[in-house]
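In what follows, a single structure is set out as structure tokens and then discussed.
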Amino acid sequence: MRLLFSAALISVASLAHAQVMTMEQDTDRYGSDYRIFALDRSDPTLCRQACADDARCGAYTYGAPPRWGPTAKCWLKQGRPARQAGSEALTSGIKVTIPNPIPWQVTAEWSTNRPGRDYRNVAVSHGNARACQTLCAGEGACVAYTYVPPGVQGREARCWLKSSAPAKRSEAGRVSGVRRSYEDYERTATVESDECGPGWLPLGGTFNGPFRQVCLRHDACYRLKVQDQRWCDQRMVSEMAAICNRQAWYNAPTCRFRAAIYEEAITSTYGAASYRGAPQGNIITVQRKRINDTFSDDEVEYCVTVRNPSAITQEYDLRLYTSDNKLVDTEPDTHEFNVQAGGQARRCVGTNFSPTWSISDLSRTVIIILRADTPDSFRFWNDMAHVAVWTGPGR
């Protein structure tokens, strides 16, 4: 049995993911049919493309004439029925999703061929060189690739996936590339004119100290946004610590003091503003606790777990309201609490520290609002966005 592949390219333009349709000659995938239809001509790629274009389709089988009737037939299937090899005049295939290939993982070298070292080749629909780049990015075994346009090695374009990186040579129409590390990619985004300190405050390198190269990498990390803000910040903090550890004993305290200031600046919404994200947040759980008070009315406390789903550091506060929008409590009372990208935190609001509220003063239903600071704003008031709401029992 010969196994061929062809790219369906559902979302290849954005490189968020790619879907690939296999083509298995002399193979049946019996059952789970939801649509059977005749084809205009005897061509298994028509059946394959019909499955690629239908979100419901997980597999297909093509039947060639005259074995399966006077005209060619196509069976579209839900799921992926088992493969049955040795089925005469049948061609089948399944839809395979390549999960989240990252385009920076492989380069794109236009008008370039890298012949040799192939471990398989793929028929690519629509003559899309980006699809070949995407396929290589999604396969750990792929170290390099070459795309050949349609009409050169057959009717369809072809993508040659390679186990190592052969020497390159100029050749019109081809597109090749090699796998690269994140560090190599980051170097392409480094701007030598960058300095330590905020970009809107040009001080000619006053803040650099021994950290200029660290700052250049940190700025490039923010610029690319392949890694989230937390990853960029943590790398900078560890690199600054390593530099300070190598300083002479009389310079080390000043170095660490400077590093602490930089860490405080980047791991906040000041850093988030530079990373250019948006306010986001989720309320994961809320635990309600009644607090018995021997001498007066009972109190109630709501402990809330919040999650930061964004790529930037978020600053939050929690507000507790009655159902008629009367503010009961805010936590923290001043400023906000930081949660780094992908992190969680737990804070509590309630009546237990209020001189004017107790459980009997609440409405039957209360509202908790999670607010996030707007990272593109440096105002001291009216700069909070509502990102999540919870309603539950009050008194």
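It is to be established whether one or more residues within the range 158-167 are assigned by TED's automatic domain parsing to the domain that holds THR107 and free of Cβ contacts under 8 Å to residues at least 40 places away in the same chain. Yes; the residues of the range 158-167 include at least one that is assigned by TED's automatic domain parsing to the domain that holds THR107 and free of Cβ contacts under 8 Å to residues at least 40 places away in the same chain.
Residues in the range 332-353 that are at pLDDT 90 or above and closer than 19 Å to PRO393 by Cα were compared, and the one that is nearest to the chain's Cα centre (by Cα) is ARG347. One residue is enough: does the range 148-157 have a residue meeting the conditions part of a strand (DSSP E or B), under 28 Å from the mean Cα position of the chain (by Cα), crowded, with 22+ Cβ neighbours inside 10 Å and not aromatic (Phe, Trp, Tyr)? Checking the range 148-157: not a single residue is part of a strand (DSSP E or B), under 28 Å from the mean Cα position of the chain (by Cα), crowded, with 22+ Cβ neighbours inside 10 Å and not aromatic (Phe, Trp, Tyr).
Answer with yes or no whether LEU362 is touching a residue at least 60 places away in the same chain (Cβ under 8 Å), buried (at least 20 other Cβ atoms within 10 Å of the Cβ) and farther than 22 Å from ARG230 by Cα.
Working: touching a residue at least 60 places away in the same chain (Cβ under 8 Å): yes; buried (at least 20 other Cβ atoms within 10 Å of the Cβ): yes; farther than 22 Å from ARG230 by Cα: yes.
Here the answer is yes, as LEU362 does meet what is asked.
Quick one: how many residues across the range 160-174 are in a strand (DSSP E or B), surrounded by fewer than 22 Cβ atoms within 10 Å (Cβ to Cβ) and not hydroxyl-bearing (Ser, Thr, Tyr)? Selection size over the range 160-174: 5.
Sub-6 Å Cβ pairs linking a first residue in the range 74-94 that is part of a strand (DSSP E or B) to a second residue that is surrounded by 20 or more Cβ atoms within 10 Å (Cβ to Cβ) and among the small types (Gly, Ala, Ser), at least 6 apart or interchain, are LYS77/ALA59; LEU90/GLY63; ILE94/ALA59, ordered by first then second residue. Scanning the range 81-114 for residues that are among the hydrophobic types (A, V, I, L, M, F, W, C), at pLDDT below 85 and in contact with a helix residue (DSSP H, G or I) (Cβ under 7 Å, 6 or more places away or on another chain) gives ILE98, ILE102, TRP104.
Out of all the residues in the range 277-293, which are farther than 19 Å from TYR316 by Cβ and out of contact with any Asp or Glu (no Cβ under 7 Å at 6 or more places or on another chain)? First the steps, then the outcome.
If we filter the range 277-293 for residues that are farther than 19 Å from TYR316 by Cβ, which is where we start, we get 288-293.
Hit for the range 277-293 is ARG288, nothing else.
Exactly one condition in (1) surrounded by 17 or more Cβ atoms within 10 Å (Cβ to Cβ); (2) modelled with pLDDT of 90 or more; (3) in contact with a helix residue (DSSP H, G or I) (Cβ under 9 Å, 6 or more places away or on another chain) is false for PHE207; which is it? Of the numbered conditions (1) surrounded by 17 or more Cβ atoms within 10 Å (Cβ to Cβ); (2) modelled with pLDDT of 90 or more; (3) in contact with a helix residue (DSSP H, G or I) (Cβ under 9 Å, 6 or more places away or on another chain), the odd one out for PHE207 is (2). Set side by side, the residues ASP233, ASP293 differ, and just one is of a type in the set (Asp, Glu) and in the same structural domain as SER354 (by TED's automatic domain parsing), which is ASP293. For beta carbons closer than 6 Å, sequence separation of 6+ or different chains, a first residue in the range 233-248 that is within 11 Å of PRO210 (Cβ to Cβ) and a second that is among the charged types (D, E, K, R) and modelled with pLDDT under 95, the qualifying pairs are CYS244/ARG256.
The values are calculated or read from the model by the stated rules, or taken from the named source; none is laboratory data. As the structure is a prediction and not an experimental result, all values here were calculated from the model. Reconstructed Cβ throughout: ideal geometry from the backbone, glycine too, with neighbour counts over all protein chains shown.
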